[in-house]
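Q: Here it is: the structure, laid out below.
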């Protein structure tokens, strides 16, 4: 059959199949409907496939064709046959001459794509839509790709192949296991097995259900395996702490409790035992495969429980060793692959997955496969696959991959690897650009080639990561020299974190930056940012600076921990795209909707409190338990506490134990009067709180101060809130007041202040979507533009160097301490404050009494509580009533929109619709000129 094919599958209706080439038996009107329908389908495939559909080959003798730089400055050089995949690929299976890839990014569709196993050409694709497929326009497709569109369908990181070409995919928030099979008309949906929420014990982490409230509870299928004769499927339920055994003929389903956050299942011991990796526990659960009775658990880390303050070991992918009762699973937070015996319930041996002796955590193994006596382990953190000899346990070498490998599949002749973030955010690949930094890559490398080239592949992987011995030695020498200078001159570090801006968005009009700044993309300028522009002229401006995360959930972990965890990376696309999970990174908001709080906020029924971020989860209503999100060495604040360095935290999250409590030792260092996320409390109010605290401690300022000033996030065009211009101007003024005060203290003579944005998702940048800016100020900081490539990891490494702290991960351990900005003689003149030039203004639109009350209270640094109302309102009939629950402000009603929508709203509110349209036309022209996608220059809907 010629031409693409379109299949729409709605589980609540009939299946409709039409040939997109038309049919002589239908009317002209019906033909037009079909033509439009097919155009929409083809547009969906072109978008879902990431725009890079033609396979290429990466060779060791042609590295420039495949080498790219990721934000941390590391390189990626995937070798072998390569092809683009949809956004955030997390699973791959090889069956009957095809490679199937599941991708579950924060996109409109989540997909299962079938590729030719040898050529890696796209054959078919199933697209899952949260609701019914929306009307789309434009787009094109080449070849004869077939598309299956499934309404009310998500996919989430679980794939298994069965007999007769059948494929089973887990459905995450849609609570189904989908059975598919390739046919003449593409991937045919055979059946959708529905799975129901199964309650877990109250004394099992996370102690409270962690899915979206106000809706039906989810089982949340995320891993699947089949028994030997494919009569039953075993599916793990992430939000149920459960495993389900489905009779594939009848659909009858049996449920049983597993461990916390079960990741994936596998059968062993001739199919008699089921092993489940428990993402939120210390190891794996072993169950009887027929009865689902728990036979025992194998724990490899600290005992878990409500009082446990240590991070988890994060058991993730697993594989059964054929003909034995043994299973190997990856412990992502420990950089280990662990072999256990499911009969004896004992650890047999541990495969050390560190890239070099003594390496800190950061390999993050999260995919595993076995073939011909070898164990292959995908390392998401190091962008490689480790190859182990199963007999000796010795590591034989490394295979370089694309950015963030998530799964590895063993075919009969070749190894298949998926990488969630593709080729990163580097330049175009000989005009075969994969798309933005979040589109994936499928990589095929034959076993014969691995055997032949493994030594060279290993050397390349180590060099790309900066792990070769000579480079680590040279870096250590340079860092020692810089650190000696810092220890002599710098004793105090202040870090001010702001929100979401690219370099061009705020400094595009900064002419001295030359080609590094693009005024056509400048949303704000010296009118809104007089102080930032002054610092850019008179202090150290980093013009080649990159943020390490794509969105806030990752970003606040990178700036506090020089890392983020595998849990954050794999789950943020689900809650950012509204697919059933709630945010769980321990982030800077209370996470409690007013209607769900337990009354501690002060209003009847409870209202969220931006000051509650430092209290335990009993106050937070146990709506989000973030412990599972932590990386192995936790965060800067833990590092400071352990090593006895004084610090104060104004507004950032800190780690909690499993029950959600913050330790008394940590609590001493938290500015509990400092407001967390609240769009009605301005940064100038936050600055006043911080300055008042510092005045009270003027003689004994801590050596490290962390301050979060989030106003430049803005509230877009949301009615009744301050305008974006005013938020940005207020943020600039607040930052300036803090720095001015610091410059008048005795400690200033030995202080450095860094200002940075957490991520770059709200605007465009003509060099890179990850590029933001940093500014350094202080008596020992010289006037310069820093062209050296740095990222947030370098900031963290510099903090550690000044304060005498050890690094926390492989990233900061192998990062340069910032140099090139330091003076020989100090200039300790106070830093002046430039006056604010933007008058106070509010977005137009409906402004009900409840929102007005919140704004009035916020202007004084308060939230609307009964106590505040009693103190500020008259008790007469004309006084506004208590706001209804829907009008009560909570830190989650914050216009926390994805990057592209935030950019759209800020541009329209600040410059007008015509200027926004002009900027978008310019970006599209820029993308065409450089043969790059639009996504290269700004965050897209598929990113967020």
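The values are calculated or read from the model by the stated rules, or taken from the named source; none is laboratory data. What you see is a predicted model, and the numbers here were worked out from it, not measured in a lab. Using ideal geometry, Cβ is built from the backbone for each residue, glycine included, and neighbour counts are taken over all protein chains shown.
Q: Could you list, in sequence order, the residues of the stretch 170-181 that are in contact (Cβ under 8 Å) with a residue 40 or more places away in the chain and either touching a helix residue (DSSP H, G or I) at 6+ places or on another chain (Cβ under 6 Å) or closer than 16 Å to residue 579 by Cα (or both)?
A: Scanning the stretch 170-181 gives 170, 171, 172, 173, 174, 175, 176, 177.
Q: Then there's this: Could you tell me whether the stretch 350-364 includes any residue that is without any contact (Cβ under 8 Å) to a residue 60 or more places away in the chain and under 26 Å from residue 257 (Cα atoms)? Can you show your working first?
A: Start the filter on the stretch 350-364 by keeping residues that are without any contact (Cβ under 8 Å) to a residue 60 or more places away in the chain, which leaves 350-354, 357-358.
So of that shortlist, the ones also under 26 Å from residue 257 (Cα atoms) come out as none.
No, because not a single residue in the stretch 350-364 is without any contact (Cβ under 8 Å) to a residue 60 or more places away in the chain and under 26 Å from residue 257 (Cα atoms).
Q: Let me ask something else. Would you check if residue 547 is modelled with pLDDT of 85 or more and in contact with a helix residue (DSSP H, G or I) (Cβ under 8 Å, 6 or more places away or on another chain)?
A: Numbers: modelled with pLDDT of 85 or more: yes; in contact with a helix residue (DSSP H, G or I) (Cβ under 8 Å, 6 or more places away or on another chain): yes.
Here the answer is yes, as residue 547 does meet what is asked.
Q: Which one of the conditions (1) modelled with pLDDT under 95; (2) in a helix (DSSP H, G or I); (3) out of contact with any strand residue (DSSP E or B) (no Cβ under 8 Å at 6 or more places or on another chain) does residue 766 fail to meet, given that it meets all the rest?
A: Looking at each condition in turn, residue 766 falls short on (2).
Q: Residues being closer than 23 Å to residue 923 by Cα, in contact (Cβ under 8 Å) with a residue 24 or more places away in the chain and part of a helix (DSSP H, G or I): count how many of those fall in the stretch 486-520.
A: The qualifying residues number 9.
Q: Another one. Do we have residue 192 as touching a residue at least 40 places away in the same chain (Cβ under 8 Å), under 22 Å from residue 91 (Cβ atoms) and in a loop (DSSP other than H, G, I, E, B) here?
A: Answer is no for this residue.
Q: Test of understanding: among 523, 529, 541, which residue is buried (at least 24 other Cβ atoms within 10 Å of the Cβ), at pLDDT below 95, within 27 Å of residue 731 (Cβ to Cβ) and in contact with a helix residue (DSSP H, G or I) (Cβ under 9 Å, 6 or more places away or on another chain)?
A: 523
Q: Name the one entry in 473, 461 that is farther than 27 Å from residue 773 by Cβ and either free of Cβ contacts under 8 Å to residues at least 60 places away in the same chain or part of a strand (DSSP E or B) (or both).
A: Just one listed residue meets the conditions, 473.
Q: Determine if the stretch 180-194 includes at least one residue that is in contact with a strand residue (DSSP E or B) (Cβ under 6 Å, 6 or more places away or on another chain), closer than 24 Å to residue 106 by Cβ and surrounded by fewer than 24 Cβ atoms within 10 Å (Cβ to Cβ).
A: yes
Q: OK, next. Of all residues in the stretch 333-349, which are touching a strand residue (DSSP E or B) at 6+ places or on another chain (Cβ under 6 Å) and touching a residue at least 24 places away in the same chain (Cβ under 8 Å)?
A: 336, 337, 338, 340, 342, 345, 347, 349 - these are the residues of the stretch 333-349 that are touching a strand residue (DSSP E or B) at 6+ places or on another chain (Cβ under 6 Å) and touching a residue at least 24 places away in the same chain (Cβ under 8 Å).
Q: In addition: Return the residue satisfying two criteria in turn: it lies in the stretch 161-176 and is crowded, with 24+ Cβ neighbours inside 10 Å and assigned to a strand (DSSP E or B), and of such residues it is farthest from the chain's Cα centre (by Cα).
A: Within the stretch 161-176, the subset crowded, with 24+ Cβ neighbours inside 10 Å is 167-176.
Among the residues that remain, those that are also assigned to a strand (DSSP E or B) are: 167-170, 176.
On the way: 167: 28, 168: 26, 169: 23, 170: 21, 176: 25 Å.
So the residue we want is 167.
Conditions tested, residue by residue: (1) crowded, with 23+ Cβ neighbours inside 10 Å; (2) in a strand (DSSP E or B); (3) within 24 Å of the chain's Cα centre (by Cα); (4) at pLDDT below 95.
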| residue | (1), (2), (3), (4) |
| --- | --- |
| 354 | no, no, yes, no |
| 360 | no, no, yes, no |
| 363 | yes, no, yes, no |
| 370 | no, yes, no, no |
| 385 | yes, yes, yes, no |
| 392 | no, no, no, no |
| 407 | yes, yes, yes, no |
| 418 | yes, yes, yes, no |
| 422 | yes, no, yes, yes |
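Q: Separate question: In the stretch 703-750, what residues are without any contact (Cβ under 8 Å) to a residue 60 or more places away in the chain and surrounded by fewer than 24 Cβ atoms within 10 Å (Cβ to Cβ)? It would help to see each step written out before you state the result.
A: Within the stretch 703-750, the first condition is being without any contact (Cβ under 8 Å) to a residue 60 or more places away in the chain, and the residues that meet it are 727, 734, 741, 745-746.
Passing the criteria: 741, 745, 746.
Q: Right, next: Does the stretch 214-234 contain at least one residue that is farther than 24 Å from residue 192 by Cβ and part of a strand (DSSP E or B)?
A: No, there is no match, as no residue in the stretch 214-234 is farther than 24 Å from residue 192 by Cβ and part of a strand (DSSP E or B).
Q: Mind checking which residues of the stretch 247-265 are surrounded by fewer than 24 Cβ atoms within 10 Å (Cβ to Cβ) and outside any loop (DSSP other than H, G, I, E, B)?
A: Of everything in the stretch 247-265, those that are surrounded by fewer than 24 Cβ atoms within 10 Å (Cβ to Cβ) and outside any loop (DSSP other than H, G, I, E, B) turn out to be 247, 253, 254, 255, 256, 257.
Q: Looking at (1) modelled with pLDDT under 95; (2) within 17 Å of residue 730 (Cα to Cα); (3) assigned to a helix (DSSP H, G or I), which one does residue 535 not meet, given that it meets all the others?
A: That leaves (1) as the condition not met.
Q: Going by the structure shown, is residue 514 under 20 Å from residue 917 (Cα atoms) and modelled with pLDDT of 95 or more?
A: Values: under 20 Å from residue 917 (Cα atoms): no; modelled with pLDDT of 95 or more: yes.
Here the answer is no, as residue 514 does not meet what is asked.
Q: Condition check: closer than 26 Å to residue 832 by Cα, under 29 Å from the mean Cα position of the chain (by Cα) and in a loop (DSSP other than H, G, I, E, B). Does residue 523 satisfy that?
A: Yes, satisfied.
Q: Of the numbered conditions (1) modelled with pLDDT of 60 or more; (2) touching a strand residue (DSSP E or B) at 6+ places or on another chain (Cβ under 6 Å); (3) over 18 Å from residue 771 (Cβ atoms), residue 942 satisfies every one except a single condition; which is it?
A: For residue 942, the exception is condition (1).
Q: Which helices (runs of 4 or more DSSP H) sit wholly inside the stretch 625-698 and have at least 3 residues that are surrounded by fewer than 17 Cβ atoms within 10 Å (Cβ to Cβ), at pLDDT 90 or above and out of contact with any strand residue (DSSP E or B) (no Cβ under 7 Å at 6 or more places or on another chain)?
A: Here the list reads 664-667, 683-696.
Q: Assuming residue 815 fulfils every condition listed in (1) surrounded by 15 or more Cβ atoms within 10 Å (Cβ to Cβ); (2) at pLDDT below 95 apart from one, which condition is it?
A: With (1) surrounded by 15 or more Cβ atoms within 10 Å (Cβ to Cβ); (2) at pLDDT below 95 applied to residue 815, the lone miss is (2).
Q: Also, quick follow-up: Looking at (1) at pLDDT 70 or above; (2) outside any helix (DSSP H, G or I), which is the one condition that is false for residue 853?
A: (2)
Q: Still on this structure: Go through the stretch 636-655 and give me each residue that's under 23 Å from the mean Cα position of the chain (by Cα) and free of Cβ contacts under 8 Å to residues at least 40 places away in the same chain.
A: Hit for the stretch 636-655 is 638, nothing else.
Q: Another question, then. With the checklist (1) surrounded by fewer than 20 Cβ atoms within 10 Å (Cβ to Cβ); (2) at pLDDT 95 or above; (3) touching a strand residue (DSSP E or B) at 6+ places or on another chain (Cβ under 8 Å) in hand, flag the one item residue 831 doesn't pass.
A: The number of the failed condition is (1).
Q: How many residues are free of Cβ contacts under 8 Å to residues at least 60 places away in the same chain and farther than 12 Å from residue 300 by Cβ if we restrict to the stretch 313-327?
A: 8
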